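Taken together, the values in this text are just the output of simple stated rules run on the coordinates, not laboratory data. Just so we're clear, the structure is a prediction, and the values are computed from it rather than from any experiment. We place every Cβ from the backbone using ideal geometry, glycine too, and count neighbours over all the protein chains shown.
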Amino acid sequence: MDTKTSQELFHPPPPIGDRIMDEWMLDPEIAFMNHGCFGARPKAVVETHQELRHQFEARPVEFLDRRRPHRLLDAKERLAEFLKIRGEDFGFVTNATGGVNAVLRSLSFAPGDEILTLDHVYNAVRMSMRHVAGQIGATAVEAELPLPVTGPEQVLDAIEGALTERTKLFILDHMTSPTALLFPIEPILRMCRDRGIDVLVDGAHAVGMFDLDITELSKLGATYYTGNLHKWLSAPVGSAFLWVHPDRQAEIHPLTISHHYQQGLAAEFAWQGTHDLSAWLSVPAAIDYFETYGWERVRGYNHGLAKWAHQHLTRAWDVEPISPPDGSMLGSMATVRVPESAKARFGSAERLRHCLSREHRIEVPVIEWNDHWWIRVSCQIYLKAEAIERLGEVVMGKGT
Ligand SMILES: Cc1ncc(COP(=O)(O)O)c(C=O)c1O
């Protein structure tokens with residue numbers, strides 16, 4: 001059966017606004033399709049951030065000593081409402097790598113214990129697992145999830161086949177980094193809960209991309225959840241959070257132990273040494289920005305564009321999709337395999353990167369992973385379908 005003709009044809013969603021790019025700091029000359037890397041920020045968020053830095057520099061002690069507690073609480077309260085968690089159950093961290101490390105390096109593992117993840121794991125997390133496991137003779141295990149992934153059951157089977165009696169912690173990507181796959185988080189959590197295995201969810205891409213209810217996820221079995229706020233929430237770089245189930249909070253400490261050691265999770269994370277808090281305090285401004293459009297509309301546009309990009313590029317490049325063609329395992333990003341003809345023409349991934357970024361001003365990652373090259377397109381409200389069409393042509397040697 002010809003899957004191209006039997007499949008529903010997607011169309012790009014109508015743009016959210018004509019002049020939306022004017023609201024962002026991004027250089028309008030660049031077709032920016034790498035929001036998934038460090039995010040990008042609206043001008044309103046950057047202005048708030050700068051104003052806070054100004055206030056700090058004008059009165060450092062007033063800002064960081066006397067005003068900090070209530071300002072931090074206000075920012076946390078807003079984020080708590082957004083993530084559907086309690087303020088006392090989480091703390092700000094600088095990035096998701098830091099959130100993962102705070103958990104891994106707080107826990108006690110014994111020789112022979114296994115820390116499990118899938119082979120789509122983000123490399124920094126892989127290295128953190130290896131470091132912690134290597135220190136005490138535990139093992140960092142990666143279950144294989146071959147491509148293409150035809151549906152959520154395949155992910156569940158891969159995990160189920162790799163869980164053992166020695167598995168002490170499972171690190172679950174909510175959305176994977178190289179392959180941009182939305183994992184079936186609810187059934188995975190239930191499966192681990194039924195076997196008494198703690199789960200650390202790496203939600204580096206999830207905040208803003210999905211409508212998160214972490215309290216609901218905790219009922220299903222999430223023990224820890226960390227996520228970046230500088231990616232799909234577009235808060236300043238250096239803003240992320242770590243949520244910990246109340247039963248485990250006494251064990252978990254920030255990477256930097258400071259004055260409030262053993263005074264509870266929220267107190268410990270609220271002071272991790274002298275630090276510029278302006279990124280964390282700007283988080284409400286980022287939530288405000290997207291609320292002016294409405295989250296449903298923002299997510300609808302981003303997901304619709306990613307779904308269309310996935311279909312358009314797999315067809316234009318005549319490659320097999322790595323996830324279900326209906327887009328059910330996508331969020332706001334799509335990873336598509338670079339065709340062999342393009343690989344032969346460019347010779348190296350570096351040459352393709354150079355061609356895209358320098359010659360065509362297209363900012364998109366070319367990822368070398370599992371013996372292939374992949375392009376991951378990130379769809380945020382400022383991106384238009386025409387840019388993705390141009391990417392499709394450049395890779396096929398048709399771009400002007
Ligand atoms: C799945 C995943 N986890 C963790 C991270 C780490 O994010 P950060 O560099 O902000 O710590 C990333 C970054 O892209 C990621 O994609």
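Here are the numbers for the structure shown:
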| read-out | value |
| --- | --- |
| Proxy reagent accessibility, fewest Cβ within 10 Å first, across L147, L182, L220 | L220, L147, L182 |
| Ascending count of other beta-carbon atoms within 10 Å, so fewest first, for S332, S341, S218 | S341, S218, S332 |
| Listed residues P236, P148, M175: farthest to the positive end of the dipole of segment 45-288 (Cβ charges) | P236 |
| Label-point separation, L156 to R130 (7 Å along Cα→Cβ), nm | 3.3 nm |
| Rough spin-label spacing in nm, given labels placed 7 Å along Cα→Cβ, for D371 and L9 | 3.7 nm |
| Sequence-distant residues sharing a close amide H with V93 (under 5 Å, placed H) | A240, F241, L242 |
| 9 Å beta-carbon shell around A96, net charge (K/R +1, D/E -1) | 0 |
| W373 long-range amide H proximity, modeled H, under 5 Å | V338 |
| Dipole of the chain [Lys/Arg +1, Asp/Glu -1 at C-beta], most positive-end residue of P12, N370, T274 | T274 |
| D_trans [Stokes-Einstein, Kirkwood Rh over alpha-carbon pairs] for segment 15-171, 37 °C, 0.692 mPa s, µm² s⁻¹ | 165 µm²/s |
| Neighbourhood charge, 14 Å Cβ-Cβ cut-off, centred on A204 and excluding it, Lys, Arg +1 and Asp, Glu -1 | +1 |
| Most mobile listed residue (F63, F92, F170) in the chain, GNM with C-alpha springs under 10 Å | F63 |
| For V149, residues with placed amide H under 5 Å, excluding near neighbours | S323 |
| Whichever lysines have a C-alpha closer than 25 Å to that of K43, once near sequence neighbours (fewer than 8 apart) are set aside | K76, K231, K384 |
| Charged-residue dipole, Cβ positions (Lys, Arg, Asp, Glu), segment 264-386 about Cα centre, Debye nearest 20 | 460 debye |
| Paramagnetic reach from D22 in segment 36-63 [backbone N under 19 Å; point 7 Å along Cα→Cβ] | 41-47 |
| Contact order normalised by residue count of the chain, Cα under 8 Å, 6+ apart, percent | 22 percent |
| Size of charge dipole - segment 45-288 - debye, nearest 20, with Cβ of Lys, Arg +1 and Asp, Glu -1, no other charges | 600 debye |
| Debye intensity ratio in log₁₀ form over the Cα atoms of the chain, taken at each q of 0.06, 0.13 Å⁻¹ | -0.24, -1.14 |
| Cut-off of 10 Å, at most 15 other beta carbons, DSSP loop: longest stretch of the chain lacking such GluC sites (Glu not before Pro) | 166-400 |
